[in-house]
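In what follows, a structure is listed as structure tokens, so that the remarks can point back to it.
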Amino acid sequence: MTPFSKAPALVQVVLVLLLIEALALAAVFLTLLFELVSGRYQSFYAEVFLLVLAAGSTLWVLQFSRGLLNKKRWARSAAFFWQLLQAVVGAGAIAETGTSRIFGAVLVIISGITVVLLFNSKVVEATNEETDGDLTN
């Protein structure tokens, strides 16, 4: 695995942004877990589903971040798809009233910055390895 300090600067910026996103997802997971344990949920099954979704999303973001650090091309596609999902959620939050607009704007801005960086030629060049190994054997 490539050490973080040896990655190009723009890849490091992308990884930091993705780490912030993963930490936010982990915070959502912990909040949902607290709601479940304290009994402050509306639907048990919905709460469990959201817990699984938050945990899976956190692990997925960490996995493709690791792939970016290891120069894997597939990780750029996964990161781009994640940014699209995040921007859609942010746009939906912007359409609401109240403090969720700020949250939505932050999501859209972070997603936009990350997408621009993912398509930067230096990031593309630094994350252009096709496979994890020879799959033909």
So what's the back-of-envelope 222 nm ellipticity for the chain, counting only DSSP H runs of four-plus at -39500 (n - 2.57) apiece and dividing by all residues, rounded to 500?
-26500 deg cm²/dmol
Please rank 127, 97, fewest neighbouring Cβ atoms within 10 Å first, as an exposure proxy.
97, 127
Taking Cα pairs under 8 Å and at least six residues apart, what relative contact order does the chain come out at, in percent?
28
Mind computing the radius of gyration and Dmax over the alpha-carbon atoms of the chain? Å is fine for both.
17.0, 57
Where the only charges are on Cβ atoms (+1 Lys, Arg; -1 Asp, Glu), what is the dipole of the chain about its Cα centre, to the nearest 20 debye?
260
Sticking with the crude label model, points 7 Å out along Cα→Cβ, report the distance from residue 99 to residue 129 in nm, one decimal please.
4.3
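FYI, it's all coordinate maths here, none of it is from the lab. This is a predicted model, so every value here is computed, not measured. As a convention, Cβ positions derive from the backbone with ideal geometry for all residues, glycine included, and neighbour counts pool all protein chains shown.
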